[in-house]
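Shown next, in structure tokens, is the structure this report addresses.
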Amino acid sequence: LLKPKPLTLLVLPAGEKPKPSNSQLQNAYVRLLPTKTTAYVGEVIPVEIQLFFIDGMNVKMPELTADGFNIAAFPKHKQSRMQKGNQIYQVLTFRTAATPLKAGKLQLGPVKQSMVLRIRQKQNRSFFNRHQQVPVNLEAKAQPVTVRPLPAANQPASFNGAVGRYTMQAKASPLEVTVGDPVTVNIQISGQGAIESLNLPKLDWPGFKSYEPSVTTKKDNPLGLLGSRIFEQVVIPESDKITELPKIEFSFFDPVTGRYRVLAKGPMPLKVNPSGKPITPIVNGNTAPDAPQQTDI
């Protein structure tokens, strides 16, 4: 069997129509559509890749070149149909998210995608349509993206790299314990951004012993650009002089306003009872008096 050689098709940017003289370009093309071409370091850029074809099979996943970006995994693509002129195109839409890791003028793309086209053959003496299977390699040109660095001015001390728009909730339980007993601090950060990359605000509290937090991520869309990140941190007060859980701060950079924001909860009142003391042994019928307890406020 003779196998036809793969054809490389150069696909024009979005908005430019394929030339009618090229029959292959009329049968299939691919487009790269970032939602924005200017962003900050760490700002998530939703991206669409659209594949148009009249009749085809064996569609491969798109290969997106993105040096300087972190690319999210592709969720399941969506399929639709669109009429252009006298032709009905099958449209496969692949969605992902690109997060720039450095500042500068970067290139998002190109996109390469391979598939097999079924090309109808002209038949003069037959009522039956015959098709030729032709492997093709489609390409969409790279799109320039200008990435700005995060401003150094007014950067909060609690900033740990979060970029997006968020809210924070925090609670602790129980709020009355004995020295050495655990207190569970629950912090929930919700909003829009790279949810899975959010880190726990620093809880380096003097007088407390802390353990590694447990982390749960809830995604509200397939790409994980909306959702919540929930941290459960266990802390143990080491002194009955402690009267509160310190303030919890989470800061982030808002790319819409171009400013840093600081969210804060607390401090929360905490009652720490002294731990039980062993009975003082009796010597010569006398008991040694306990030293008085002092509490610093």
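The values are calculated or read from the model by the stated rules, or taken from the named source; none is laboratory data. This structure is a prediction, so every number in the text was calculated from the model and none was measured. FYI the Cβ positions are ideal-geometry reconstructions off the backbone, even for glycines, and counts take in every protein chain you see. For accessibility, only protein heavy atoms count, side chains too; no ligands or nucleic acids. Shrake-Rupley method; radii C 1.70, N 1.55, O 1.52, S 1.80 Å.
Laid out as a table, the results:
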| quantity | calculated |
| --- | --- |
| Test: residue in the stretch 124-141 that is touching a Gly at 6+ places or on another chain (Cβ under 7 Å) and farther than 13 Å from Ala28 by Cβ | yes |
| Residue within the stretch 149-172 that is more than 30 Å from Ala103 (Cα to Cα) and touching a Leu at 6+ places or on another chain (Cβ under 7 Å) present | yes |
| Cβ pairs under 6 Å, 6+ apart, first in the stretch 69-85 and within 30 Å of Gly104 (Cβ to Cβ), second outside any loop (DSSP other than H, G, I, E, B) and not aliphatic (A, V, I, L, M) | Phe69/Pro100; Asn70/Thr99; Ile71/Thr96; Ala72/Thr96; Phe74/Phe94; Phe74/Thr96 |
| Test result for Gly56, in contact (Cβ under 8 Å) with a residue 12 or more places away in the chain and of a type in the set (Gly, Ala, Ser) | yes |
| Members of the stretch 131-183 that are under 15 Å from Asp254 (Cβ atoms), in contact (Cβ under 8 Å) with a residue 24 or more places away in the chain and aliphatic (A, V, I, L, M) | Leu150, Ala162, Val163, Met168 |
| Residue in the stretch 266-284 that is open to solvent by less than 70 Å² (accessible area, probe 1.4 Å), modelled with pLDDT of 95 or more, under 30 Å from Thr146 (Cβ atoms) and in a strand (DSSP E or B) present | no |
| Strands (runs of 3 or more DSSP E) wholly inside the stretch 170-261 that include at least 3 residues being open to solvent by 20 Å² or more (accessible area, probe 1.4 Å) and under 30 Å from Asn154 (Cβ atoms) | 183-193, 226-237 |
| Among residues of the stretch 227-257, those that are closer than 21 Å to Asn273 by Cα and of a type in the set (Val, Ile, Thr), counted | 5 |
